[in-house]
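Engineer: Sharing a structure, written as structure tokens. Questions coming.
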Amino acid sequence: MTTHTKTNTLLSANNIGLSYGENIILRDINFCIKDIVRPGMQQGQVVSLIGRSGIGKTQLFKILSGLQQPSNGTVTIHDNEQVKAGDMGVIFQNYYLFEWRTVYQSLLLAAVKNPLIKGKEKEMIEQYAQSFQLTDALKKYPQQLSGGQRQRASIIQQLLKGSNFLLLDEPFSGLDVCVLDKVTDLLLQVSTSDELKTLIIVSHDIATSVAISDTVLIMGNEIGKPGATIKKEIDLIERDLAWKKDIKKEKAFTDTVEEIKRCL
Ligand SMILES: Nc1ncnc2c1ncn2[C@@H]1O[C@H](COP(=O)(O)OP(=O)(O)OP(=O)(O)O)[C@@H](O)[C@H]1O
Ligand SMILES: [Mg+2]
């Protein structure tokens with residue numbers, strides 16, 4: 001197994017609950033994400049949140065990003081600081097971009113919010129555009145882009161803002177197999193771009209999520225209890241299933257995918 005240690009807590013969800021009136025959506029959600037340290041590597045964290053449609057993934061996603069208040073509990077980041085809107089880079093499924101601005105103009109708006117790249121905004125945009133194969137799209141308007149290009153522009157937009165946390169809602173849906181491989185590589189590239197970079201991916205696509213994550217959180221209902229909770233946490237590093245190319249061919253991988261399906 002690859003040598004690693006889990007050190008400081010980067011994010012902690014503490015007893016999260018969410019109800020609308022009498023309707024309990026989420027209950028007793030507890031988990032924490034720790035900094036994974038690997039000798040000689042810049043290793044970020046990739047956590048997948050998997051669950052059936054309608055279980056409450058997007059609701060939890062909004063709570064984790066500080067965009068929605070839970071009915072109970074807290075989400076803390078850094079040193080026990082409560083998360084607030086704007087702390088995290090949030091990439092929604094519809095890849096929100098300003099339709100009346102060119103991609104470059106949209107990206108510039110994001111870049112000027114990050115004091116760490118002051119004076120280097122143009123250079124950073126060009127660098128990201130090049131590594132995400134989006135140079136030609138910079139002068140275009142969002143409606144002139146393909147779905148995959150919009151997604152990459154949206155990811156760059158959030159990366160430019162500089163947050164260590166990136167939350168992605170269904171980043172693999174509607175992609176063909178070739179684009180899917182590219183997006184997977186891209187997210188892995190992002191996850192190793194900074195020691196503290198932490199990706200939280202909400203997805204239905206079990207196999208793709210497991211293939212790029214170090215941890216899987218399974219959301220579901222427990223018999224006799226209302227609301228969804230985290231039914232199981234799978235540490236893919238312990239199973240020697242993290243950070244490997246061609247992992248999908250291994251038996252332990254397909255066994256884990258089946259185990260997750262049974263748990264949903
Ligand atoms: N404003 C609201 N008022 C009442 N109930 C809501 C509200 N928003 C969402 N819900 C309910 O919360 C539950 C969870 O919804 P959510 O969108 O989080 O599901 P999901 O797991 O993301 O589903 P999908 O995989 O289809 O995106 C659903 O039953 C939904 O009807
Ligand atoms: Mg959803």
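The numbers here are math on the coordinates, done by the rules we state, and not lab data. Predicted model, so just to flag it, every value in this text is computed and none were measured. No Cβ is skipped: glycine too gets one built from the backbone with ideal geometry, and neighbour counts run over all protein chains shown.
Engineer: What translational D, rounded to a whole number of µm²/s, comes out for the range 159-264 from Stokes-Einstein when the hydrodynamic radius is the Kirkwood one over Cα pairs, at 20 °C and 1.002 mPa s? Intermediate results must be reported in sequence, preceding the final value.
Structural biologist: Details: Rh = 14.9 Å.
Once the numbers are plugged in, D ends up at 143 µm²/s.
Engineer: Which order, highest average first, do 252-258, 42-48 follow once you tally other Cβ atoms within 10 Å for each residue and take the mean per peptide?
Structural biologist: Highest-to-lowest ranking by the protection proxy: 42-48, 252-258.
Engineer: Hey, another quick one. For the chain, build the convex hull from the C-alpha positions and give me its volume per residue in Å³. Don't skip to the answer; put the middle values down first.
Structural biologist: On the way: hull volume 35.7 nm³, N = 264.
About 135 Å³ per residue, rounded to a whole number.
Engineer: Right, next: Which distance in nm do the two modelled labels at residue 78 and residue 135 give, with both placed 7 Å along the Cα-to-Cβ direction?
Structural biologist: 3.7
Engineer: Now for a separate question. As an exercise, identify the chymotrypsin sites (Phe, Trp or Tyr not before Pro) in the range 1-99 lying in DSSP coil whose Cβ has no more than 13 other Cβ atoms within 10 Å. Please list the in-between numbers first.
Structural biologist: Values: sites: 20, 31, 61, 92, 95, 96, 98; in loops: 92, 95, 96, 98.
Counting only loop positions with at most 13 other Cβ atoms within 10 Å, the chymotrypsin sites (Phe, Trp or Tyr not before Pro) in the range 1-99 are 98.
Engineer: Quick check: the angle from helix 147-161's long axis to the longest principal axis of the chain, C-alpha only, nearest 10 degrees?
Structural biologist: 90
Engineer: Among DSSP bridges having both ends in the chain, what percentage is antiparallel? Round to the nearest 5.
Structural biologist: If I count the DSSP bridges inside the chain, around 55 percent turn out antiparallel.
Engineer: Same structure, new question: Please compute, for the alpha-carbon atoms of the range 94-162, the extent along each of the three principal axes and give them in descending order in Å.
Structural biologist: Largest first, the range 94-162 extends 30, 20, 17 Å along its Cα principal axes.
Engineer: Between residue 109 and residue 31, what length in nm is gained on full extension when 0.36 nm per residue of separation is reduced by their alpha carbon distance? Before the final figure, lay out each step's value.
Structural biologist: Numbers: separation 78, 0.36 × 78 = 28.08 nm, distance 3.37 nm.
Gain in length upon complete extension: 24.7 nm.
Engineer: If you fit an axis through the alpha-carbon atoms of helix 251-263 and take the longest principal axis of the Cα set of the chain, what angle between them do you get, 0 to 90°, nearest 10?
Structural biologist: With both axes taken from Cα atoms, the answer is about 70 degrees.
Engineer: To the nearest 10 degrees, how steeply does helix 177-191 sit against the main Cα axis of the chain, on a 0 to 90 scale?
Structural biologist: Result, in degrees: 90.
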